[in-house]
Amino acid sequence: MLHKPRSRVRIVLPAANPSLLRAYAARLDTRPDVIASRIKDAFIEFKDLGKYGNVEIYKTTYYMNHALYLFDSAGIFAYYSFRIDRCPTPAVLIENGDLLDFARKDFSWLVSPENPASKLVFTSTK
């Protein structure tokens, strides 16, 4: 996707603050240091995508309950399970309409400079 003209990938990762790491660790039945390591590994892997195109990585202190993938004309909303083990979870395709509009506005606010809970920590341009 990054090879397309004017494409951009924006990723939001959890900030490595102790209370957030403890919350994710409890949800995933592991230790906070394991979560911190996973976040660090994800950051490195996503940062490496910058050699292919425009990448922005944000860190947030919000606890995330879902994943959101937005594209030019649609999006995918994926639920996180409350279970500790890995299990299939539903994902919903969202196309033009109120839900997609809401998702775009919510994400824009999440990564906006006005949001004190999120911060741009890496950017690359190609």
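Considering helices alone, the calculated mean residue ellipticity of the chain at 222 nm is -10500 deg cm²/dmol, with DSSP H runs of length four and up weighted by -39500 (n - 2.57) and normalised per residue. Computed from the C-alpha gyration tensor, the three semi-axes of the ellipsoid equivalent to the chain are 24, 20, 15 Å, from longest to shortest. For the stretch 8-124, the antiparallel share of DSSP beta bridges with both residues in that region comes to about 70%.
FYI, it's all coordinate maths here, none of it is from the lab. All of these numbers come straight from a predicted model, not from anything done at the bench.
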